[in-house]
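The values are calculated or read from the model by the stated rules, or taken from the named source; none is laboratory data. Quick caveat: nothing in here was measured; it's all calculated off a predicted structure. Every residue, glycine among them, receives a Cβ derived from its backbone with ideal geometry; neighbour counts consider all protein chains shown.
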Amino acid sequence: MSQVKNINFSLIRLGILAVVILIGITSSFYTVPADSQAVVLRFGKPIKIAKSGLRFKLPYGIDKTLIVEVTRQLQQEFGFGTSGARNPWQFTNSGEQELEKSMVTGDLNAALVEWVVQYQIEEPQQYLFAVREPDATLRDLTESVMREIVGDRTVDEVITVGRQEIENIATEKLQAATAEYTMGLRIIQVQLKDVNPPRRVQASFNEVNQAQQERESAINRANGEYNKEVPRARGEADRKISAAAGYAAKRVNEAEGDVASFEALLTEYTAAPEITRRRLYLETMSEILPNLGKTVIIDEETKGLLPLLNLGGQ
């Protein structure tokens, strides 16, 4: 009887030992997904970061692992919420959303600003242990940064022309704040969504925007006409100036030629006045008489004209 008891006791010890060994083996290995990293804790103290793959750790709870998704792009939404979000900190309830998007601009106007911050976990150990509830802290930091930036600008800058600048500055300031708090986050971008005036004045604001757009359109049309007409007028002016310059050069050349001709003639006249005078008279008459047509020259004492005319001729 005692032998049977000893055998049963031995079997129990073997079973317990097998269970202990099995637990040790199963608790010695863990798998890190491809999009994650694991923070390994030994007796509650972080000792290393394990990358993706099958990894070994000390069994029996000596080492524990915390898996953190490091390649997944996370986002937080302010002033609105997208349904089906996996991140529990992605948006708040509707009451909080109304408070988040209600802001005052630098020129003391009200605006409803909705925006998104996109980020990744860059340092898992910092993310888990440096700050308590880093996602909640990020929401508070983001709202603080956005209110500061909007409060430094006019409502027109916030709603229209200054959106890109606001996004860039918010991204830089938020990244600097998370780095200062060693939150282990990398801010990818801050993106403005809907930015509107309060609903009670939205219709009036839209009319103002429409008037400004029509004004810009009229200015653009006027600039277009200006850019079309001014070059044409300049071209016409240049053409007339060139024509005038050509005419002036022609007249100057003609005048210089006349002066040279006159000086040459004067030289000849000085050398032989009578001969030159008679030559000039004959040359002038040779140019004039062919243009006079048929001409009859008679003596002033002639009594009868008919006998001298050939009436049958042409």
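Observations
- Residue that is surrounded by the fewest Cβ atoms within 10 Å (Cβ to Cβ) [pool: residues in segment 66-89 that are among the polar types (S, T, N, Q) and touching a Leu at 6+ places or on another chain (Cβ under 7 Å)]: 87
- Residue list for segment 12-56, filter: outside any loop (DSSP other than H, G, I, E, B), among the polar types (S, T, N, Q) and surrounded by 15 or more Cβ atoms within 10 Å (Cβ to Cβ): 36, 37
Let's see how each residue does on (1) within 29 Å of the chain's Cα centre (by Cα); (2) at pLDDT 90 or above; (3) not assigned by TED's automatic domain parsing to the domain that holds residue 167:
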residue	(1), (2), (3)
22	no, no, yes
26	no, no, yes
31	no, no, yes
80	yes, yes, no
93	no, yes, no
99	no, yes, no
115	yes, yes, no
126	no, yes, no
131	no, yes, no
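- Index of the failed condition, residue 187 passing every other in (1) of a type in the set (A, V, I, L, M); (2) in contact (Cβ under 8 Å) with a residue 60 or more places away in the chain; (3) over 22 Å from residue 81 (Cα atoms): (3)
- Hits in segment 169-197 (condition: of a type outside the set (A, V, I, L, M), part of a strand (DSSP E or B) and within 24 Å of residue 103 (Cβ to Cβ)): 189, 191, 193, 194, 196
- In the set 271, 255, 245, only one residue is at pLDDT 85 or above, more than 60 Å from the chain's Cα centre (by Cα) and among the small types (Gly, Ala, Ser); that residue is 255.
- Of all residues in segment 198-228, those that are among the β-branched types (Val, Ile, Thr) and farther than 28 Å from residue 99 by Cα total 1.
- In the set 78, 56, only one residue is more than 30 Å from residue 28 (Cβ to Cβ) and out of contact with any Lys or Arg (no Cβ under 6 Å at 6 or more places or on another chain); that residue is 78.
- Screening 278, 239 for residues that are modelled with pLDDT of 80 or more and either more than 60 Å from the chain's Cα centre (by Cα) or loosely packed, with under 10 Cβ neighbours inside 10 Å (or both) leaves exactly one candidate, 278.
- Number of positions in segment 64-78 that are under 20 Å from residue 135 (Cα atoms) and either more than 42 Å from the chain's Cα centre (by Cα) or not in a strand (DSSP E or B) (or both): 5
- When the test is whether a residue is in a loop (DSSP other than H, G, I, E, B) and modelled with pLDDT under 95, residue 61 passes it.
- For segment 134-144, the count of residues that are buried (at least 20 other Cβ atoms within 10 Å of the Cβ), of a type in the set (A, V, I, L, M, F, W, C) and part of a helix (DSSP H, G or I) is at least one.
- Flag for residue 119 being in a helix (DSSP H, G or I), under 37 Å from the mean Cα position of the chain (by Cα) and touching a residue at least 12 places away in the same chain (Cβ under 8 Å): no
Condition check ((1) touching a residue at least 60 places away in the same chain (Cβ under 8 Å); (2) in contact with a strand residue (DSSP E or B) (Cβ under 7 Å, 6 or more places away or on another chain)) across all residues:
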| residue | (1), (2) |
| --- | --- |
| 40 | no, yes |
| 53 | no, yes |
| 56 | no, yes |
| 59 | no, no |
| 73 | yes, yes |
| 84 | no, no |
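- When 272, 244, 264, 218 are screened for being outside the structural domain of residue 160 (by TED's automatic domain parsing) and either touching a Phe, Trp or Tyr at 6+ places or on another chain (Cβ under 8 Å) or under 30 Å from residue 154 (Cβ atoms) (or both), only 218 passes.
- Counted residues, segment 90-109 - those being outside any loop (DSSP other than H, G, I, E, B), hydrophobic (A, V, I, L, M, F, W, C) and surrounded by 14 or more Cβ atoms within 10 Å (Cβ to Cβ): 1
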